[in-house]
Amino acid sequence: MTLRAADRRCEGHRLARGLTTIALAALSALSACASTSTNAPGAPGTASAAIAPTAPALPPPAPAVQFRTAAESRPALLASISIPSIDRLLGSGTALVGRAVPLPLDAISVRDMLLSQAGLSPNVGENLDFSSPAGVAVVAMGPGTDAGVVMAIPAKGAAQARQAVAALGKTLSKRGEVSEVSNGAGGKGWIWMSGSVLVLSDSLDALVKGAALAMEARRPATEDVTAVLFPDAIAAANGTDVKTAIAKTINTARAAQAAQGMAMNPDSVSLFSDMLGLVADTSTFEIGLAVDTTRGVSIRTRMNAKPGSKLAAVSEETHPVAFDPLLFSGGKEVTLLAGASTGPLFRAHIARLHQRLQNSKEPGAAAALAFFDATVDAVAGMGAVSGYLRPELDFRAIYPLKDANAAGKVTAALKHLDQKAALALIKSQMDGTKVLFDWSVKKETVGKLTALHYSMIPNLKSDLPGLRDFWKKFFGKSLDIYSAVSGSRFIATGGKKAKADLLALAAGKGAEPSGEAARAIAAAKGKDLLEYFDFGPLVSTIAALSNDPRAALLAKGTQAPIPLALTAGGDGKGQVTTFELNIPPAAFSGVGTLLQGLNASAGARK
């Protein structure tokens, strides 16, 4: 929101963008009407400057504005945003960024710099209270009309609020306690002083409708920024409903794929539709940004379920993910870690894959279906995979089985699997997509295990630039994958040492996770999903594959981790499903190490 209507009006469906900069929106709002001349009447300083004797006479006062109550305006509310403390946000943010870019900055200097860049005089910043809550309300203004944005910004006191208003520009008219202000450059807006709080909007109608809601959004919270979105109201304000908007999104995605000569896998479309469908089951989205020097940056999305909906069922069924110690054997640092438990959406997806395989006319489809069903029935509701890039690429996947009887059924089905059946299984899950790889499958005896050995290479029809060269450098001639039943586990390994790793897993030599992966697992306790990835090894591995000696120098300078972690889970009550993306402090330190490596490689180039 700003006093420049053309610059700050926004539609409800764009509210989720820019959360990390929303804390500065209050400052930008004021900049639009800042005075362009420090010597002009009404310049920043004292309240008396705005009513200097030389100022032109104001027109007769118009009737006072009658504001709507929060209850009256709530049906029009599209979103509200709460910022408990800009000072706290900037303080934590600069501390974290300082780990990556060691600049002599603190919260106050960053705040002053931003005020200056926004065109605000120092007096305006001195009068605002950056330690107290600010609030934003976005309200629907009617069909075919942009949403109205109203902001409530605290000053240090009533006198300071008047001084800030006087510094913003020329008062054109007054409606009781509401002033219409112009900055002299074509920008106009409306300001209401409610005690020591400035409530601003481009539109008087929006101010009338949203002032109470913006004031209501000024509330303390544990997160540094919290946005609450109302999907049904946003859709209605745009002349549609959520289900229709979802269907349009899916059709658009299909059309884009078709334009590229590719068809979307029907099962993938169905899974995507199921996931998007949860949006229609959501009464409100709460999107929170928390910046903390001990946990890093966290972005949390809480989907509050409508009673009796599919989202309510997803939220109610919880199975905390667990990680087998065999995933971490070998003493290497994990690059990738993913684990998920089986829920309603995944079971529906499995049912579609079963049906597709049942309808398959591929040779060997019957044996493939028997193996598929035996495996689905035997798995104890979850699975996990770990991946490594140092010293070479390899990955491991483990699915715990229910019992010895279930393991025996999978082993028996595995023995009936041949090349044709294995390829039928693969094709059933890739039908409709453009296959970029050639597969070969054969049974092998590995130790005492009956294993399937898959090999995959890019096929000649693959049109991705450089894929075959990259594949050869990264994996060698082919990517080898082994899978087998070992005790009460279904295990799989991949990479240059996949066969040896399969034997190691079968020997049962596990280990505890370490480093950032261990911290991510601890933070995911009680969640249904964890996805962890460390970009540090990826950057150094790609650099090491380059023939440029500067890249080799960069590879040596990027050994620090740059981890990210995503978790998700329901509350077990059918009310809330939460997703959280976490960027831990180690990621900022790792970026700092990467930048040092880039500087070193740049120096080598000179």
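The values are calculated or read from the model by the stated rules, or taken from the named source; none is laboratory data. Source: prediction; values computed, not measured. A quick note on method: Cβ atoms are made from the backbone with ideal geometry, for glycine too, and the neighbour counts reach across all protein chains shown. Side chains are part of the model used for accessible areas, which takes the heavy atoms of the whole protein and leaves out ligands, DNA and RNA. Shrake-Rupley method; radii C 1.70, N 1.55, O 1.52, S 1.80 Å.
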Next on the checklist: Roughly how far apart, in whole Å, are the Cα centres of the stretch 119-183 and the stretch 201-216?
Outcome noted: 11 Å
Checklist outcome for this item: Most packed first (mean Cβ within 10 Å per residue), the peptides 408-416, 336-344 order as 336-344, 408-416
Checklist entry - If you build the Cα gyration tensor of the stretch 190-249 and take the root of 5 times each eigenvalue, what three semi-axes come out, in whole angstrom, biggest first? => result 29, 17, 7
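For the stretch 166-319, report the % of Cα-Cα distances exceeding 18 Å. Can you show the working numbers first?
Details: 8688 of 11781 pairs.
So the portion of pairs separated by more than 18 Å is 74 percent.
Which value, in Å², gives the accessible area per residue of the stretch 302-443 when a 1.4 Å probe is used on the protein heavy atoms? Display every interim value, and only then the final one.
Details: 6690 Å² over 142 residues.
So the stretch 302-443 comes to 47 Å² accessible per residue, rounded to a whole number.
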Next on the checklist: Computing the accessible area with a 1.4 Å probe over protein heavy atoms, can you report the carbon and sulfur percentage for the stretch 388-540?
Outcome noted: 58 percent
Item to check | Cα centre as origin, Lys/Arg/Asp/Glu Cβ charges: the stretch 156-301 dipole, Debye | outcome: 640 debye
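Rank-order 511-521, 471-481, 99-109 by packing density, defined as the average count of other C-beta atoms within 10 Å over each peptide's residues, highest first.
Numbers: 511-521: 17.9, 471-481: 16.2, 99-109: 13.4.
Going from most to least packed, we get 511-521, 471-481, 99-109.
Over 22 Å between Cα atoms, which of K310/K402; K443/K496; K209/K243; K420/K472; K332/K509; K473/K497 qualify? Let's see the in-between values first.
On the way: K310/K402 27 Å; K443/K496 18 Å; K209/K243 28 Å; K420/K472 26 Å; K332/K509 14 Å; K473/K497 15 Å.
In this structure, K310/K402; K209/K243; K420/K472 lie more than 22 Å apart at Cα.
Tell me whether the stretch 377-435 comes out rounded, prolate or oblate; compute the Cα gyration tensor, take square roots of the eigenvalues as a ≥ b ≥ c, and use a/c under 1.5 as the rounded threshold.
Verdict is oblate for the stretch 377-435.
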Checklist entry - Hey, can you rank 241-247, 193-199, 75-81 by average C-beta count inside 10 Å, highest first? => result 75-81, 193-199, 241-247
Item to check | All-pairs alpha carbon distance profile, the stretch 67-119, 5 Å steps from 0, percent | outcome: 4, 16, 17, 16, 11, 8, 10, 10, 5, 3
Next on the checklist: Just to be sure I understand the model, the point goes 7 Å from the Cα along the line to the Cβ. What's the resulting S488 to Q66 distance in nm?
Outcome noted: 7.3 nm
Item to check | F579-I250 pseudo-label distance in nm [points 7 Å out on the Cα-to-Cβ vector] | outcome: 1.7 nm
Checklist outcome for this item: Distance in Å, no decimals, from the C-alpha centre of the stretch 472-497 to the one of the stretch 342-417 is 15 Å
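In square nanometres and to one decimal, what's the mean projected area of the convex hull around the Cα atoms of the stretch 290-351?
On the way: hull surface 28.6 nm².
Average projection, Cα convex hull of the stretch 290-351: 7.2 nm².
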Checklist entry - If each of L353 and Q559 carries a label point 7 Å out from its Cα toward its Cβ, how far apart are those two points in nm? => result 3.9 nm
Next on the checklist: Could you tell me the extents of the stretch 481-551's C-alpha atoms along the three principal axes, largest first, rounded to whole Å?
Outcome noted: 48, 33, 19
Checklist entry - Under 13 Å from a point 7 Å along the Cα-to-Cβ line of D373: which residues of the stretch 407-429 have their amide N that close? => result 413
Checklist entry - At q = 0.12, 0.21 Å⁻¹, what log₁₀ I(q)/I(0) does a Debye calculation on the Cα points of the stretch 313-443 give, no solvent, two decimals? => result -0.59, -1.33
Next on the checklist: Please report Rg (one decimal) and Dmax (integer) in Å for the Cα set of the stretch 57-174.
Outcome noted: 18.2, 57
Item to check | Full-extension gain in nm, S455 to Q429, via 0.36 nm per residue minus C-alpha separation | outcome: 7.7 nm
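Would you mind calculating the relative contact order of the stretch 150-236 from Cα pairs under 8 angstrom and at least 6 residues apart, reporting the percent as a whole number?
Values: 116 pairs, mean separation 24.9, N = 87.
Result for the stretch 150-236 is 29 percent.
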Checklist entry - Any idea which of Y388, N405, A451 is furthest toward the positive side of the dipole for the stretch 388-458, if Lys and Arg beta-carbons carry +1 and Asp and Glu beta-carbons -1? => result N405
Next on the checklist: Shape verdict for the stretch 328-372, please, from the Cα gyration tensor: rounded (a/c under 1.5), prolate (a/b greater than b/c) or oblate.
Outcome noted: oblate
